[in-house]
Each structure stands twice: as C-alpha cells, then as structure tokens.
1. Just to be sure, is LYS53 away from ligand 1 (no atom under 16 Å from the Cβ) and surrounded by fewer than 23 Cβ atoms within 10 Å (Cβ to Cβ)?
2. How do the pairs read when you match residues in region 92-120 that are under 18 Å from ALA55 (Cα atoms) with residues anywhere that are more than 13 Å from ligand 2 (Cβ to nearest atom) and hydroxyl-bearing (Ser, Thr, Tyr), using Cβ under 7 Å and keeping only pairs 6 or more apart or on different chains?
3. Condition check: more than 14 Å from ligand 1 (Cβ to nearest atom) and in contact with a helix residue (DSSP H, G or I) (Cβ under 7 Å, 6 or more places away or on another chain). Does PRO84 satisfy that?
4. Quick check, is ILE140 within 12 Å of ligand 2 (Cβ to nearest atom), over 30 Å from HIS18 (Cα atoms) and in contact with a Gly (Cβ under 8 Å, 6 or more places away or on another chain)?
5. Among the numbered criteria (1) surrounded by fewer than 19 Cβ atoms within 10 Å (Cβ to Cβ); (2) in contact with a strand residue (DSSP E or B) (Cβ under 7 Å, 6 or more places away or on another chain), which one does GLU16 miss?
6. Out of everything in region 31-46 that is under 12 Å from the mean Cα position of the chain (by Cα) and within 12 Å of ligand 2 (Cβ to nearest atom), what residue ends up being nearest to SER128 (Cα to Cα)?
7. For LEU13, state whether it is farther than 26 Å from ALA147 by Cβ and away from ligand 2 (no atom under 16 Å from the Cβ).
8. In the list CYS132, CYS63, CYS97, which residue meets the criterion of being on the phi < 0 side of the Ramachandran plot, in the same structural domain as LYS27 (by TED's automatic domain parsing) and not basic (Lys, Arg)?
Amino acid sequence: MITLMVNNKEYQLEIEPHETLVDVLQKRLGLMGVRMSCGQGECGACTILLDNKPALSCMMLACQAEGKEILTIEGLGTYDDLHPIQESFIEEHGFQCGFCTPGVIMTTKSLLETKPKSNASEIAMSLSGHICRCGAYPKIIKSVQNAAKKLEKNHG
Ligand code: FES
Ligand code: FES
C-alpha cells in the first residue's frame with residue numbers, strides 16, 4: 001500500500017513494487033494527460049512536477065513519489081478554466097500533435113515560477129529535455145514568453 005498526493009488529492013493505492021509512476025498515474029488514476037512515449041528518460045513526454053520540480057515519471061517507481069506533491073496537467077487548469085500557460089500554448093500555436101505538450105507545459109510552470117523573466121535561450125535550455133517531433137520549437141518558446149507576460153500581469 002502506498003499513499004500518493006496527486007493534484008491535491010490523496011490516494012491510497014495497492015501497487016506492485018516495480019510499478020513506475022507513469023503507469024500508476026495513467027492506469028490506476030486515469031490521468032492520461034501524463035504521456036508515455038520513449039519510456040527511457042529521453043523524450044520528456046512523461047514529465048510531471050514533483051514538489052514543483054520537473055521529474056520523468058517513466059524513470060521512477062511510484063513508491064519513490066510517496067510523501068511528495070505530484071502535479072500533472074490535469075491539476076493545472078480545467079477544460080473551462082485553463083491555466084494561463086495552457087492559454088498561451090493555444091494562442092501561440094505551441095504544439096501540433098500535442099503529444100509532448102503536457103510535459104512541456106509542466107516544465108514551463110516550474111521554470112516561470114523559479115525564473116519568471118527567462119530569456120529565449122534560457123527557455124530553450126530549460127526545455128532541452130523535451131523532444132517535439134513536429135518541430136514546433138520556435139512556437140513553443142513564443143508560447144512560454146506569452147505565458148510569462150500573462151503570469152506577470154496576473155501577479156500585478
Ligand atoms: S516517456 Fe519518459 S522520458 Fe520519454
Ligand atoms: S507537438 Fe510536440 S511532438 Fe508534436
């Protein structure tokens with residue numbers, strides 16, 4: 001039995017010791033916004049926030065996340081009330097297929113909280129662990145810059 005805190009809710013789960021965090025989030029909690037692509041720590045698609053820091057959920061066991069706050073894209077905004085970062089990605093077309101997008105958005109959230117005035121190269125560096133096969137990188141950077149502006153406005 002483990003207890004996981006996911007998107008501000010506590011879950012008691014009976015799992016196998018070898019289950020990865022991405023598997024538990026997807027298959028047991030139905031959080032399909034957490035993407036599974038390479039499964040080898042190469043692409044960033046499975047990125048979630050663990051105590052506000054980006055983490056690859058395919059590269060860790062679910063039991064390693066006990067006692068930490070897990071945030072997935074589902075905990076960020078709702079369909080009717082998007083988070084400003086989600087709005088920005090739509091406005092600036094920061095995705096094409098969208099498969100990499102949840103992970104990119106989670107890393108963006110962490111970046112803009114720690115370094116809200118990041119320049120384009122700092123944004124690119126921070127997102128360097130994310131592979132977008134469609135090559136939407138320039139639009140992703142614009143989306144992050146747009147999000148930074150929105151968040152600055154919101155915080156007055
Ligand atoms: S699915 Fe985890 S890094 Fe690719
Ligand atoms: S939008 Fe990122 S892989 Fe297509």
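1. So LYS53 does not fit the description; no.
2. THR107/SER126; LEU111/SER118; LEU111/SER126
3. It is true that PRO84 is more than 14 Å from ligand 1 (Cβ to nearest atom) and in contact with a helix residue (DSSP H, G or I) (Cβ under 7 Å, 6 or more places away or on another chain).
4. Yes, satisfied.
5. It fails just one condition, (2).
6. Among them, the one singled out is GLY44.
7. In short, yes.
8. One residue alone meets the criteria, CYS63.
The values are calculated or read from the model by the stated rules, or taken from the named source; none is laboratory data. Nothing here was measured: the structure is a model prediction, and the numbers come from that model. Positions of Cβ are generated from backbone atoms using ideal geometry, with glycine treated the same way; all protein chains shown enter the neighbour counts.
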